[in-house]
Amino acid sequence: MTQYMSRPTEILIDLDALKHNCRIAQSLAPNSKTVAVIKADAYGHGAIDIAQALQSQVAMFAVSSIEEAMELRMAGIRIPILLLEGCFSQQELECAVIQGFDVVMHNREQVDMLAQLQQQKGLTVWLKVDTGMHRLGFNESDVASVFDDLSASQSVNQIVLMTHLSVADEVKNIATQEQLGIFNRCVKQIQQISSQPVTVSIANSAAVQAWPNSHGDWNRPGIMLYGLSPFAEPKDLIEPLQPVMTLTSKVIALRQIQAQQSVGYGNTWTAKRASTIATIAVGYGDGYPRNAKSGTPVLVNGQRAQLCGRVSMDMITVDVTDLENVEIGSSVELWGKNLNANEVAKYADTIGYELVTRMPKRLSRRIGQSD
């Protein structure tokens, strides 16, 4: 049988780096339990692999939908799972009860679905408060009465009060303190009703790192687990985060071009001198951003080069004129261990979150270890 060389573009997932980043999140809030956010296929890193690696290190996972939660259950993940958007139908809510999922409730329709439950089983409900994000959640004026309704339900075993911070990544923005003030008022109102301590969850990755007064009973780190900072400016940590995903490929062609010759679709990049152009097997069909501009950094044999011309579906072109020892088969890093995805994202007018989350299925994946 004929053996074929596979296309050299692949994703390397470093589970040691993942566990390292999780330990950092936990060390910053040692009195909080960790809900590891692994929605959207663990931000493109592979939800099952990530869950299997973290299930002994964290107390809970969070996903967006019941489909994502069921995928984890079918893969043998047994620790609690939180549905961040709650349930969209009565059938989903009943499934959540059977599977033991925790559910967010952020509107009156979801609370009404709870009243229709036939099962008298212990459900943990996360009551979401809209403190300023203005996407999901109950207004401050309604929280106490909704909490009272949930407390009266025979299906509810525990209630966690939660909110989401809109600008926690802007460390000087007073809006975060205002949101925390609203949330704390809600907590006090509920404490007056129940005369019991209120279990709370506020902090996302940015808040875990920058807003210690947001650390609650449960924290919900997401992007920092994958080694990317949520901040526009670098933030010092005791130990730096380690990127979990590295996107790699190889040089598949080299071209010598003359000054004034152009490269790629639309002739958007023209050489100012005689140049050596490397063609690399990666493109927007592999998740590399099509709107990455000429000048976007690319590592070739560990040396920084610059993207030249438009990104194609399957290929990019890079100016390697000043690099040493570049040949067909030379290794390329698009982002990862040595080139941070956040830096690449700036050249594409986006954020690192989007780059890592958009990875398509055609890319091969390999589970690796830290160097």
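The values are calculated or read from the model by the stated rules, or taken from the named source; none is laboratory data. What you see is a predicted model; the values in this text were computed from it and never measured. Backbone-built Cβ (ideal geometry, glycine too); neighbour counts: all protein chains shown. These area figures cover heavy atoms from the full protein model, side chains too; ligands, DNA and RNA do not enter into them. Shrake-Rupley method; radii C 1.70, N 1.55, O 1.52, S 1.80 Å.
Hey, among the residues in region 102-152 that are basic (K, R) and within 23 Å of the chain's Cα centre (by Cα), which one's surrounded by the fewest Cβ atoms within 10 Å (Cβ to Cβ)?
Kept after step one, since they are basic (K, R), are these residues of region 102-152: 108, 121, 128, 135.
Going one step further and asking which of them are within 23 Å of the chain's Cα centre (by Cα), we end up with 128, 135.
Details: K128: 27, R135: 9.
In this case the residue turns out to be R135.
Provide a single number: the residues in region 79-101 that are open to solvent by 30 Å² or more (accessible area, probe 1.4 Å) and small (G, A, S).
Matching residues across region 79-101 total 2.
Just for region 43-96: of the residues that are within 17 Å of the chain's Cα centre (by Cα), among the small types (G, A, S) and not in a helix (DSSP H, G or I), which one is farthest from T163 (Cα to Cα)?
G46
If a residue counts only when it is within 24 Å of the chain's Cα centre (by Cα) and at pLDDT 95 or above, which strands (runs of 3 or more DSSP E) contained entirely in region 285-371 have at least 2 such residues?
Hits in region 285-371: 297-300, 331-335.
Condition check ((1) within 36 Å of the chain's Cα centre (by Cα); (2) exposed (fewer than 14 other Cβ atoms within 10 Å of the Cβ)) across all residues:
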position	(1), (2)
S229	yes, no
E233	yes, yes
D236	yes, yes
T246	yes, no
S249	yes, no
R255	no, yes
G266	yes, yes
W269	yes, no
K272	no, yes
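So, of the residues in region 200-230 that are in contact with a Leu (Cβ under 6 Å, 6 or more places away or on another chain) and outside any helix (DSSP H, G or I), which turns out to be farthest from L84 (Cα to Cα)?
Selected residue: G227.
Looking at R7, R23, can you tell me which residue is open to solvent by 60 Å² or more (accessible area, probe 1.4 Å), in a helix (DSSP H, G or I) and not polar (S, T, N, Q)?
None of the others qualify; the one that does is R23.
Hey, among the residues in region 275-308 that are closer than 13 Å to D322 by Cα and touching a residue at least 40 places away in the same chain (Cβ under 8 Å), which one's most open to solvent (accessible area, probe 1.4 Å)?
T276
Tell me which residues, restricted to region 56-78, are over 22 Å from V129 (Cα atoms), in contact with a Lys or Arg (Cβ under 8 Å, 6 or more places away or on another chain) and surrounded by fewer than 18 Cβ atoms within 10 Å (Cβ to Cβ).
Across region 56-78, the qualifying residues are Q57, A59.
All but one of (1) open to solvent by 10 Å² or more (accessible area, probe 1.4 Å); (2) modelled with pLDDT under 95 hold for S155, so report the exception by its number.
(1)
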